[in-house]
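Contents: one structure, followed by commentary.
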Amino acid sequence: MNRRNQNKKTESDFREFIEYRKGMSAFDKKLEAAKLIDQTTSIDIDEAYHTVTRKINQGNRVFSIFTTLTRVAATLTLPLLAFAIWSLFFQKNEEVPVEMAQNEITWQSITSPAGMRSHIVLPDGTNLWLNAGSKVKYGIPFTRKKREITLSGEAYLEVAKNKKSPFVVNTETALVEVLGTQFNVNAYPESDRVEVALREGKVKFSFSDDEKVKYAELSPNDFLQFDKKRKTVNLDNTDIKKYIAWHQNILILDETPMPEVARLLEQWYGVKVIIKNEEIKKYRFTTTFDNEPLFRVLELLELSSPSVKTTYTPGKPDKDSKKLSPSIVTITKKQLPM
């Protein structure tokens with residue numbers, strides 16, 4: 001079969017595919033959606049991470065794993081993208097009932113492990129970047145009167161505009177509501193704060209305090225900090241670049257104390273960081289890392305503070321669990337010559 005005839009056959013098959021989907025019942029469509037979602041849940045991301053790490057650690061270029069895994073994250077979301085295309089194309093002219101029984105909704109959950117950042121396209125066309133150690137969950141069908149996701153961790157979003165369907169980000173202690181905008185939400189469960197940085201548009205931040213719901217509205221370049229325990233909000237209009245640059249693989253340190261630097265290294269590169277000296281914890285760092293591998297970051301930390309020494313110990317496979325233990329970065333104070 002020549003290329004021209006092959007193209008005609010492909011086009012004919014695609015038309016048949018479209019006509020077949022148009023004739024499907026709502027129930028059949030949900031079954032097909034569930035099959036697509038099963039493809040994403042069948043991927044063992046942690047096992048893939050450890051397998052790649054073991055193979056790379058056998059060679060000389062140990063540190064290249066961190067840059068590689070960041071790029072691999074996009075590949076893991078292909079089944080999700082397939083379902084997003086299906087939703088946008090075949091449900092464009094269909095209205096989903098507002099009052100849908102809970103058991104009719106399929107829940108999609110996506111996790112980005114430590115050392116990885118993921119880019120996801122939601123069914124409505126919203127771009128979502130999920131930071132390391134974060135999880136997002138949402139219901140399908142997604143495009144209803146209200147588009148809702150539940151976030152644990154940090155995400156940067158470019159929300160597809162839809163005036164008829166507000167976009168809501170639920171966190172453990174608060175929620176953020178928008179119509180169409182670009183913003184960052186930092187809501188790790190272990191943190192005592194929720195942070196929101198707004199790049200474009202407007203968002204409404206709300207939380208409950210003594211059974212009363214309180215609100216705060218953000219404008220571009222606003223940075224909001226919400227204290228979970230005190231139930232207080234601090235709002236500043238400032239340069240928000242350092243709060244949102246991570247989704248472009250840029251890590252900005254601005255007078256950042258060493259304990260926070262250690263936390264960021266653990267999150268970004270999936271390593272365990274040990275600070276050996278209490279005095280080092282008082283050090284602060286100001287620099288920018290643009291998609292740098294771990295070994296380069298450690299070199300720059302030593303250059304910016306000559307009294308600091310870093311040591312990298314690769315993780316080792318555990319014989320019992322057959323999993324790779326996390327690599328360790330030890331930060332000590334360099335012994336200066338007498």
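The values are calculated or read from the model by the stated rules, or taken from the named source; none is laboratory data. The structure presented is a predicted model; accordingly, all values stated were derived computationally and were not measured. Virtual Cβ from ideal backbone geometry, glycine too; neighbours counted across all protein chains shown. The accessibility values were calculated without ligands, DNA or RNA, using every heavy atom of the protein model including side chains. Shrake-Rupley method; radii C 1.70, N 1.55, O 1.52, S 1.80 Å.
Scanning the stretch 160-212 for residues that are of a type outside the set (D, E), open to solvent by 90 Å² or more (accessible area, probe 1.4 Å) and part of a loop (DSSP other than H, G, I, E, B) turns up K161, K163, K164, K202.
Within the bounds of the stretch 137-159, is there any residue that is farther than 21 Å from F223 by Cβ, at pLDDT below 95 and under 10 Å from the mean Cα position of the chain (by Cα)? No: the stretch 137-159 contains no residue that is farther than 21 Å from F223 by Cβ, at pLDDT below 95 and under 10 Å from the mean Cα position of the chain (by Cα).
For the stretch 267-306, a residue qualifies if it is open to solvent by less than 80 Å² (accessible area, probe 1.4 Å) and closer than 17 Å to A132 by Cβ, and the qualifying residues are Q267, W268, Y269, G270, V271, V273, F289, N291, E292, P293, L294, V297.
Among residues of the stretch 217-241 that are of a type in the set (V, I, T), those with a beta-carbon under 6 Å from a residue that is assigned to a strand (DSSP E or B) at least six positions away or on a different chain give the pairs V233/A216; V233/F226; T238/F223; I240/A197; I240/F223. Somewhere in the stretch 256-273, is a residue assigned to a strand (DSSP E or B), under 25 Å from E154 (Cβ atoms) and either hydrophobic (A, V, I, L, M, F, W, C) or at pLDDT below 90 (or both)? Checked against the condition, which is being assigned to a strand (DSSP E or B), under 25 Å from E154 (Cβ atoms) and either hydrophobic (A, V, I, L, M, F, W, C) or at pLDDT below 90 (or both), the stretch 256-273 yields at least one hit. Of all the listed residues (I280, I275, I250), the sole one being in contact with a Pro (Cβ under 8 Å, 6 or more places away or on another chain), more than 23 Å from L179 (Cα to Cα) and hydrophobic (A, V, I, L, M, F, W, C) is I275. Can you confirm whether the stretch 213-235 contains a residue that is among the β-branched types (V, I, T), closer than 18 Å to V159 by Cα and either surrounded by 13 or more Cβ atoms within 10 Å (Cβ to Cβ) or at pLDDT 95 or above (or both)? Taking every residue of the stretch 213-235 in turn, none turns out to be among the β-branched types (V, I, T), closer than 18 Å to V159 by Cα and either surrounded by 13 or more Cβ atoms within 10 Å (Cβ to Cβ) or at pLDDT 95 or above (or both).
Is the stretch 313-322 home to any residue that is within 13 Å of I280 (Cβ to Cβ) and free of Cβ contacts under 8 Å to residues at least 40 places away in the same chain?
Checked against the condition, which is being within 13 Å of I280 (Cβ to Cβ) and free of Cβ contacts under 8 Å to residues at least 40 places away in the same chain, the stretch 313-322 yields no hits at all.
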